[in-house]
Amino acid sequence: MLDNCPDSFYITTPIYYVNGTPHLGTTYTMVVADTLARWNRLWGRDTFFLTGTDEHGLKVSQVASDNGMAPKQWVDLMATRFIAAWNDLGISYDRFIRTTEPEHYKTVQSFLSKIYENGFIYRDLYKGLYCVACEAYYNESELEDGINCPVHKRPVTEMTEENYFFKLSAFQDRLLKWYDDFPEAVTPSTRRNEALGFIHQGLEDISITRTSIDWGVPVPWDHEHVFYVWYDALINYLTAIGYGSDDTSFDRYWPHVHHLLGKDILRFHCVWWPAMCMAAGIDPPNKLIVHGWLLAGGEKISKSRGVAVDPLEIANEYGIDAMRYYLLKETHLGSDGDFSIEGMVSTYNADIANNLGNLLQRCLALVASKLDGVTPACPLEPPEVFAFQERVDRVVHSWESFQPVGALEASMELLRSANVYLEQTEPWKSSSVEYITVVIGAVLELLRVVSLLLLPAVPESSGRVLSRLGVEVPLSIRDELIFGKYRGGAAIEKSAPLFPRLEVE
Ligand SMILES: [Zn+2]
């Protein structure tokens, strides 16, 4: 069994730019993070799940003025939209951080002062090609057709300013050694290789302050400058756990952190961020999980590219769990995925409505007709066809190694084996109460365990199955996955199927 840190689990999402509203791409990241947080809570770990909004920078102040508002007014409005969306989608974050919080200003200033005192920040003249949308400078070689931002496909502009620079070049060897010492720190390995590729190309110092704008965290030793938005944003991971203000909390969660991030921000997280931590004298993060892009019809889903799919509409129409399940099951964490309503509906119908729902319905119908409407206790041993322990172990291992697809596939195998078992044993043909009790008891026990294993992915649906079975959702499932625990005794009333099939609207 993997156990990165036995007691605590700290997971973060990137904080989202407030230049748009939550879309399906950001929802994908949130669902994965939420699911991993839920798994770790259920596994009995002291879990802390952080998300939030990134509220500084040129782009935000421009969008604010486009909307006729002051930056602060604009970010206050946008932050509430993000909070409302995540609440509506049932995301179980522990802390929502905003980079305009006074507490964050303090952390940014003390963290970067530390780097300054350690001699890794200096002042120089900067001239470069800048994409306003990315808030990043590009080398000429990175541009498309020599003029366009590779992400936004529109022209970059030349900017010159006095800047403070972070001496990233001083960390080349230390970063390579860190990658060597911790081969599992960045996953999947394709993304690790990509980050190593950047480092091997040679690292240049990076400009980390601006004088051209004032919507940012002021540099404490030079008030003409504010920190560049990316520099301030990354530090949110430290603010939330009390860097410099609460050592007990900080030591509990750092460096046992799991940063979940999209592949487009790999360089910031997998190169700059570990180097910044080293420069400030703290350990780099333990784990960086890089996911792919969620596509819709082959296009990246993002507001700035014009392809947006509204997660709240999907959830209203089809249910939160249908969306969660599809996002988790059909995209290997690390690869790109493709979202379609048709795909979501057919996956939900096959796995949740049929495999899970019908199995439960068939068993409960037999309980009602042949067992006086009271669920039986389970037998002591699982039928062989379940391959129970092996499959349960596979689910646990998959959750523990951040592979939702593996966990859900093994869960579905368990359910299919129970359907096979019913076909083999045909309890509906029997008139022996003992026989039916053994068969149905075994299947209900399997349903209990599978529902517990599915709780992180489809909390609402799993909760409903457990409630039908008269099983309370436990605080920790660690000791609940053993076959033979179900005591039965739940009264079954005639009721509609729990998971009716979905239709494409
Ligand atoms: Zn750009």
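Here are some notes:
- Note, ³J(HN,Hα) from phi for region 374-383, Karplus 6.51, -1.76, 1.60, rounded to Hz, x at Gly and Pro: 10, 5, x, 6, 8, x, 6, 10, x, x
- Potential extension, Arg174-Asp264 segment - 0.36 nm per residue separation minus Cα distance: 30.0 nm
- Residue-count net charge about Val471 - beta-carbon cut-off 13 Å; Lys, Arg +1, Asp, Glu -1: +2
- Computed from label points 7 Å out along Cα-Cβ, the spacing between Leu143 and Trp221 is 3.4 nm.
- Seen from Glu480, the other residues with C-beta closer than 12 Å to its C-beta sum to a net charge of 0, counting Lys and Arg as +1 and Asp and Glu as -1.
- Peptide packing: for 176-185, 263-272, 25-34, the average count of neighbouring Cβ atoms within 10 Å per residue gives the ranking 25-34, 263-272, 176-185, highest mean first.
- Inter-label distance for Val132 and Arg487, nm, one decimal - labels placed 7 Å from Cα along Cα-to-Cβ: 6.7 nm
- Cross-link check: pairs Lys114/Lys287; Lys263/Lys287; Lys106/Lys263; Lys59/Lys127 evaluated at a Cα-Cα cut-off of 26 Å; pairs beyond the cut-off: Lys106/Lys263.
- In plain terms, the bigger the Kirkwood radius, the slower the diffusion; for region 342-478, with that radius from Cα pairs, at 25 °C and 0.890 mPa s, Stokes-Einstein puts D at 160 µm²/s.
- Sites Ala377 and Asp88 - FRET efficiency at Förster radius 41 Å, r taken between beta-carbons, to 0.05: 0.55
- Once the Cα-Cα distance is subtracted from the 0.36 nm per residue extended length, the Glu409 to Leu77 segment shows a gain of 115.5 nm.
- Segment Thr211-Phe198, length gained on full extension (0.36 nm per residue, minus Cα span): 1.9 nm
- Model label sites at Glu162 and Ser340, defined 7 Å from Cα along the beta-carbon direction, differ in position by 5.8 nm.
- Per-residue HN-Hα couplings for region 160-170 [Karplus 6.51, -1.76, 1.60; θ = phi - 60°; Hz; x = Gly/Pro]: 10, 7, 6, 9, 8, 10, 9, 7, 4, 4, 6
- Under the criterion of Cα pairs below 8 Å and six or more residues apart, the relative contact order for region 340-505 equals 37 percent.
- Positive minus negative residues near Thr107 (Lys, Arg vs Asp, Glu; Cβ under 15 Å): -3
- Prolate/oblate/rounded call for the chain, Cα gyration tensor, a/c under 1.5 rounded: prolate
- Span-like helix ranges in the chain, DSSP H, alpha carbon extent 24 angstrom or more, Kyte mean at least 1.6: 433-454
- Antiparallel bridge percentage (DSSP; both residues within the chain; nearest 5): 50 percent
- Under 5 Å between amide hydrogens, built in the peptide plane, is the criterion, and for Phe9 it picks out Asp46, Thr47, Phe48 among residues at least 5 positions away or on other chains.
- Global form of region 1-156, assessed from the alpha-carbon gyration tensor, a/c cut-off 1.5: prolate
FYI, it's all coordinate maths here, none of it is from the lab. Predicted model, so just to flag it, every value in this text is computed and none were measured. Here the Cβ is made from the backbone with ideal geometry for all residues, glycine too, and neighbour counts use every protein chain on show.
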